[in-house]
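Working notes for the structure below.
The values are calculated or read from the model by the stated rules, or taken from the named source; none is laboratory data. On a predicted model such as this, the values are computed, not experimentally measured, just so you know. Heads up, the Cβs are rebuilt from the backbone with ideal geometry, glycines too, and the neighbour counts pull from every protein chain shown. All accessible areas refer to the heavy atoms of the entire protein, side chains included, with ligands and DNA or RNA removed. Shrake-Rupley method; radii C 1.70, N 1.55, O 1.52, S 1.80 Å.
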Amino acid sequence: MGKQDKAWHQSPHETLRVRDGFSITDFDFAGTPGFTGDKKDGKHLLKARGTHLSDLQEQLFAEGRADGTRSVLLVLQGMDTAGKGGIVRHVLGMVDPQGVQHHSFGVPTQKERSHHYLWRIEKALPSAGKIGVFDRSHYEDVLVVRVHELVPPDVWGKRYDEINAWEQRRIDEGTRIIKCALMVSPQEQLERLSQRLDRPDKHWKFNPGDIDERGYWDAYMEAYQAVFDRCSPDAAPWYAIPADRKWFARMAVTELLAATLEAMNLEWPAADFDVDAQKARVSALRK
């Protein structure tokens, strides 16, 4: 990170990474781990890093157009109102949309239920040169499915190892995976739900079922803890991001994404034509 990142005293890759011993019970949903600035500093940093992120995304896209095979998958998980949509708008909105593939996973359709649960996930993977964004993901099948007992424990219990193996195959094929869990507190969620009801322009975002899901909060936290305990390997770790402060969550995801692209050592593809010859042709047209 450069001078513009002086408010980060420690990289989000370190401070937000889920490691052995992580406990949701001790998690600070309103924290700003690794960041010494305030909201104003965060917004300034978001803009600065967003410009850099856009340049990196263009390099990745160019690589894909030149027969490259690499891609990036950003997984966004979180309870209702955690800010997944805001991440898509405010973070991915800073890059060229032609280089982004966004997919939101809702309740499986009848056709999707007739296939293996990873079938619909496979179909939505980003193509070479793209940043793929999953708003919810394959982890729904060890979160919602577990909490609501949609399949027996001996079925969803096998999926943790299966998901780890599936992600490793995607990594081996050239996809970098960034898994972000946006962690909102129950108090903040209630406030956000209330705000949606108070604003006619937000009514479309309100789902009465979101209130019903709050009744399963403890069960969801238990399910998320299991995901963190069993599906955070070195190759594809989880990042638990405090989401009560939207500005921090957006800034943190921006940094995780930018740093991942930086680590890929992207380069502009070499020209597949004689540059000097084409310059001469352009010069001739100017005469």
So the carbon and sulfur contribution to the accessible area of the chain, 1.4 Å probe, in percent, is 49 percent
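Given that compact globular proteins tend to follow 2.2 N^0.38 Å, what is the ratio of the alpha-carbon Rg of the range 129-189 to that value? Please report the intermediate quantities before stating the final value.
On the way: Rg = 14.2 Å, N = 61, 2.2 N^0.38 = 10.5 Å.
For the range 129-189, the normalised Cα radius of gyration is 1.35.
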Among trypsin sites (Lys or Arg not before Pro) in the range 1-102, those in a DSSP loop whose Cβ has at most 14 other Cβ atoms within 10 Å are Lys6, Arg19
Length gained if Ser11 through Asp96 is fully extended, taking 0.36 nm per residue and subtracting the Cα-Cα distance, is 28.1 nm
By the C-alpha gyration tensor axes a ≥ b ≥ c (rounded if a/c is under 1.5, else prolate when a/b exceeds b/c, else oblate), the shape of the range 82-205 is oblate
From the Cα centre of the range 62-117 to that of the range 7-54, the distance in Å is 21 Å
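From the square roots a ≥ b ≥ c of the eigenvalues of the alpha-carbon gyration tensor of the range 213-287, which class results: rounded (a/c under 1.5), prolate (a/b over b/c), or oblate? Numbers along the way, then the final one.
Details: a/c = 4.81, a/b = 3.08, b/c = 1.56.
It comes out prolate by the Cα gyration axes.
Rounded to the nearest 0.05, what FRET efficiency is calculated for Arg286 and Asp201 with R0 set to 41 Å and r the Cβ-Cβ distance?
Numbers: r = 52 Å, r/R0 = 1.28.
About 0.20, to the nearest 0.05.
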The range 150-279 accessible area per residue, 1.4 Å probe, protein heavy atoms, integer Å², reads 51 Å²
To the nearest 20 debye, the chain has a Cα-centred charge dipole, built from +1 on Lys and Arg Cβ and -1 on Asp and Glu Cβ, of 1140 debye
Rounded to whole angstrom, the alpha-carbon centroid of the range 155-173 lies from that of the range 123-153 at a distance of 11 Å
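Is the shape of the chain best called rounded, prolate or oblate, per the rule: a/c under 1.5 gives rounded, else a/b larger than b/c gives prolate, else oblate, with a ≥ b ≥ c the square roots of the Cα gyration tensor eigenvalues?
Prolate shape, in that a/c is at least 1.5 and a/b is the bigger ratio.
Which order do the peptides 240-248, 270-278 come out in when sorted by mean C-beta neighbours inside 10 angstrom, highest first?
240-248, 270-278
Please give the FRET efficiency for Ala66 paired with Gln225, using the beta carbon to beta carbon distance and R0 = 35 Å, rounded to the nearest 0.05.
That pair, Ala66 with Gln225, gives E of 0.25.
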Here, Gln278 and Leu190, labelled 7 Å along Cα→Cβ, have an inter-label distance in nm of 6.1 nm
Site Gln168, offset 7 angstrom along Cα→Cβ, radius 16 Å on amide nitrogen, limited to the range 209-239, gives 230-238
Of the residues Tyr117, Leu73, Gly93, the Cα lying farthest along the dipole of the chain towards its positive end, which is defined by charges on the beta carbon of Lys, Arg, Asp and Glu, belongs to Gly93
